[in-house]
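Asks: Sending over a structure as structure tokens; questions will come in a sec.
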Amino acid sequence: MNVLKPFGAWFSALQRALDAAFILLSLWLASIALDHEWRQLNSLAAAAAIAMFLLGAQARRLYASWRLASMDDEFRSVLLIWGGTCCAIIVGAFLAKTSSSYSRLEMLVWFCVTPALLIWSRLLVRGLLRAVRKSGMNIRTVAIVGATSISKPLLQMLEDSGFGVRLVGVFDDRNDQRLAEDGHAVGTRAGSVPELLARAKRAEVDFVFIALPMRAENRIVELVGQLADTTASVYVVPDLFMFDLMRARWVTFGGLPAVSVYESPFDGLSGWIKRAEDLVLGTALLAIAAVPMAFIAVGLKLTSPGSIFFKQQRYGLNGRVVRVWKFRTMTVSEDGFDVVQARRHDPRVTRFGRILRAASLDELPQLFNVLSGEMSLVGPRPHAVKVNEEFRRLIHGYMLRHKVKPGITGWAQVNGWHGDDTVEKMQQRVDHDLAYLQSWSLWLDIKILWLTVIAVFSRRKAPAEEATT
């Protein structure tokens with residue numbers, strides 16, 4: 001029995017109702033918490049926000065089927081749509097000359113609480129869907145064409161996900177013996193491609209993924225044409241695993257589709273979100289660190305001759321050279337290609353400098369780099385120019401880490417990869433940096449910052465190799 005459409009429509013309507021209810025509820029809770037009287041203007045603001053959010057959600061297909069949708073993508077869309085709604089509310093109130101009639105604190109609480117409730121409601125609906133699927137209802141069948149290297153990650157994704165699908169199997173015209181000879185697993189093979197076509201025509205298959213290599217273009221076109229005589233939803237999985245993809249996505253140039261292979265994750269709206277994060281959190285952190293930085297400056301002046309700050313050339317966004325600020329911790333101020341990397345127990349490090357390095361306090365002036373836009377709070381750690389030029393020749397994809405701004409802390413650092421004195425250590429750092437770029441989200445940045453705070457307060461000693469002054 002196919003119960004997808006009734007349940008899909010019901011859950012979609014439920015989600016719309018929950019979104020509208022939580023937008024209204026969060027404003028009501030904000031007014032109650034602040035002991036404000038509910039006024040007609042509140043009702044107007046809530047109604048406008050609900051209308052704009054639902055329209056934006058409809059435009060981004062937020063209420064379409066979630067079966068093959070990522071939860072992270074859905075949450076990101078919620079935040080983007082609600083952010084646009086908030087901006088529209090503010091602009092609308094300004095143009096209507098009613099902005100002064102609203103409580104700024106009440107609006108701020110409303111703007112901040114609502115996305116949390118919207119995301120929670122989606123977790124609730126997804127939980128209900130999961131319960132329905134466990135009972136055997138609302139399950140869709142999936143078939144894969146081609147026992148290839150492309151199908152392996154696809155099979156893993158379908159097995160690990162909560163999409164509510166049941167794998168019919170992999171269909172390939174080669175028999176088990178030929179598959180084994182070609183080095184492919186045979187356990188999931190369910191039959192030949194003609195058998196799949198027959199089952200799809202009997203409406204026994206809901207989704208078909210064609211996972212054939214790019215060189216089989218004619219065969220792919222033929223299969224797509226044959227599946228047009230069925231009701232199955234058909235997806236062609238491009239054979240792009242030959243590339244080292246970084247935030248790969250489909251793009252269009254004048255209507256011509258293309259796949260971006262190497263692209264920054266911070267192009268477009270994501271870049272604005274990242275910059276807003278740096279400005280808001282960077283300003284807050286600088287305000288907190290201002291007094292400790294003043295004491296550090298005094299300590300440096302009293303304990304050793306020389307300047308308080310040290311600025312070193314590092315590669316920044318798109319490989320452009322930036323000057324990174326640090327507290328001086330050594331008796332020398334080397335820069336450029338003549339830098340001698342600091343080592344553990346390096347005699348050039350001052351006694352006070354060792355204390356700063358141990359707690360990574362020498363990195364605090366980089367908050368100025370963050371606010372100026374040369375760095376981010378979170379991102380690949382910048383290396384000295386000499387180090388960059390050395391390892392870009394030794395490690396494949398090394399320069400891809402410069403598709404984004406360098407960071408004060410990063411995914412490699414919170415995972416314990418600090419050193420750059422060997423190719424193996426640097427390879428691990430680069431691998432973690434590229435993994436960060438591929439999976440970036442605002443939540444990942446917050447997680448990295450939190451892990452960094454834990455590391456600092458637990459007084460985890462930073463290796464001397466990490467900081468090069």
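The values are calculated or read from the model by the stated rules, or taken from the named source; none is laboratory data. Computed from a predicted model, the values in this text were never measured in an experiment. As a convention, Cβ positions derive from the backbone with ideal geometry for all residues, glycine included, and neighbour counts pool all protein chains shown.
Asks: Pairs, please: C-beta under 8 Å, at least 6 apart or cross-chain, first residue in a helix (DSSP H, G or I) and in region 345-373, second at pLDDT below 80 and surrounded by fewer than 17 Cβ atoms within 10 Å (Cβ to Cβ)?
Replies: Ala358/Arg459; Ala358/Lys461
Asks: Suppose we filter region 376-408 for residues that are without any contact (Cβ under 8 Å) to a residue 60 or more places away in the chain, farther than 11 Å from Asp433 by Cα and either in contact with a Pro (Cβ under 8 Å, 6 or more places away or on another chain) or not aromatic (Phe, Trp, Tyr) (or both); how many remain?
Replies: Going through region 376-408 one residue at a time, the tally reaches 8.
Asks: So Val132 ticks every box in (1) out of contact with any strand residue (DSSP E or B) (no Cβ under 9 Å at 6 or more places or on another chain); (2) at pLDDT 70 or above; (3) not acidic (Asp, Glu) but one. Which box is left unticked?
Replies: Result: Val132 fails condition (2) only.
Asks: A further question on this structure: Within region 382-399, is even one residue in contact with a strand residue (DSSP E or B) (Cβ under 6 Å, 6 or more places away or on another chain) and assigned to a helix (DSSP H, G or I)? Steps first, answer last, please.
Replies: First pass over region 382-399, keeping only residues in contact with a strand residue (DSSP E or B) (Cβ under 6 Å, 6 or more places away or on another chain): 382, 385, 388.
Keeping just the survivors that are assigned to a helix (DSSP H, G or I) gives 385, 388.
Yes, the conditions are met somewhere in region 382-399.
Residues are listed down the side, and each one gets a yes or a no for (1) among the charged types (D, E, K, R); (2) within 27 Å of the chain's Cα centre (by Cα); (3) assigned by TED's automatic domain parsing to the domain that holds Phe309:
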residue: Thr350; (1), (2), (3): no, no, yes
residue: Arg354; (1), (2), (3): yes, no, yes
residue: Gly397; (1), (2), (3): no, yes, yes
residue: Val414; (1), (2), (3): no, yes, yes
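Asks: Another question, then. Against the conditions (1) free of Cβ contacts under 8 Å to residues at least 12 places away in the same chain; (2) assigned to a loop (DSSP other than H, G, I, E, B), where does Ile454 fall short? Just the number, please.
Replies: (2)
Asks: While we're here: Filter region 345-357 down to the residues that are touching a strand residue (DSSP E or B) at 6+ places or on another chain (Cβ under 8 Å) and aliphatic (A, V, I, L, M), then identify the one that is modelled with the lowest pLDDT.
Replies: Filtering region 345-357 for residues that are touching a strand residue (DSSP E or B) at 6+ places or on another chain (Cβ under 8 Å) and aliphatic (A, V, I, L, M), the one modelled with the lowest pLDDT comes out as Val349.
Asks: Further, regarding this structure: Identify the residue in region 314-325 that is touching a strand residue (DSSP E or B) at 6+ places or on another chain (Cβ under 8 Å) and either at pLDDT below 85 or assigned to a strand (DSSP E or B) (or both) and, among all such residues, is farthest from Leu400 (Cα to Cα). Give the derivation first.
Replies: First, the residues of region 314-325 that are touching a strand residue (DSSP E or B) at 6+ places or on another chain (Cβ under 8 Å): 314-316, 321-325.
Then drop every residue that is not either at pLDDT below 85 or assigned to a strand (DSSP E or B) (or both), which leaves 314-315, 321-325.
Working: Arg314: 15, Tyr315: 12, Val321: 15, Val322: 17, Arg323: 20, Val324: 20, Trp325: 23 Å.
The selected residue is Trp325.
Matching residues to (1) within 25 Å of Glu277 (Cα to Cα); (2) at pLDDT below 80; (3) among the acidic types (Asp, Glu):
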{"position": "Phe327", "(1), (2), (3)": "yes, no, no"}
{"position": "Ala359", "(1), (2), (3)": "yes, yes, no"}
{"position": "Gln366", "(1), (2), (3)": "yes, no, no"}
{"position": "Asn388", "(1), (2), (3)": "no, no, no"}
{"position": "Phe391", "(1), (2), (3)": "no, no, no"}
{"position": "His396", "(1), (2), (3)": "no, no, no"}
{"position": "Met399", "(1), (2), (3)": "yes, no, no"}
{"position": "Asp421", "(1), (2), (3)": "no, yes, yes"}
{"position": "Val430", "(1), (2), (3)": "yes, no, no"}
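Asks: Let me ask something additional. Given Glu181, Glu222, Glu195, which one is at pLDDT below 80 and of a type in the set (D, E, K, R)? Break it down stepwise before answering.
Replies: Details: Glu222 fails: at pLDDT below 80; Glu195 fails: at pLDDT below 80.
Of the residues listed, the single one that is at pLDDT below 80 and of a type in the set (D, E, K, R) is Glu181.
Asks: Determine, yes or no, whether Gly299 is closer than 30 Å to Gly397 by Cβ and either in a helix (DSSP H, G or I) or not assigned by TED's automatic domain parsing to the domain that holds Leu367 (or both).
Replies: Values: closer than 30 Å to Gly397 by Cβ: no; either in a helix (DSSP H, G or I) or not assigned by TED's automatic domain parsing to the domain that holds Leu367 (or both): yes.
When the stated conditions are applied, Gly299 does not pass them.
Asks: Let me ask something additional. May I ask you to list the residues in region 402-413 that are part of a helix (DSSP H, G or I) and in contact with a His (Cβ under 9 Å, 6 or more places away or on another chain)?
Replies: At the first step, the residues of region 402-413 found to be part of a helix (DSSP H, G or I) are 402-403, 411-413.
Listed by number, the residues that qualify are Trp411, Ala412, Gln413.
Asks: So for region 59-73 (the condition being closer than 26 Å to Trp443 by Cα, in contact with a Phe, Trp or Tyr (Cβ under 7 Å, 6 or more places away or on another chain) and at pLDDT below 90), does at least one residue qualify?
Replies: Here is the first cut: in region 59-73, the residues closer than 26 Å to Trp443 by Cα are 59-73.
If we keep only those that are in contact with a Phe, Trp or Tyr (Cβ under 7 Å, 6 or more places away or on another chain) as well, we get 67-68.
Adding the requirement that they be at pLDDT below 90 leaves 67-68.
Checked region 59-73: at least one residue is closer than 26 Å to Trp443 by Cα, in contact with a Phe, Trp or Tyr (Cβ under 7 Å, 6 or more places away or on another chain) and at pLDDT below 90.
Asks: Which pairs have Cβ atoms under 7 Å, sit 6 or more apart or on different chains, and link a residue in region 427-438 that is among the acidic types (Asp, Glu) to one that is surrounded by 23 or more Cβ atoms within 10 Å (Cβ to Cβ)?
Replies: From region 427-438, the pairs are Asp433/Pro380; Asp433/Arg401; Asp433/Gly410; Asp433/Trp411; Asp433/Ala412.
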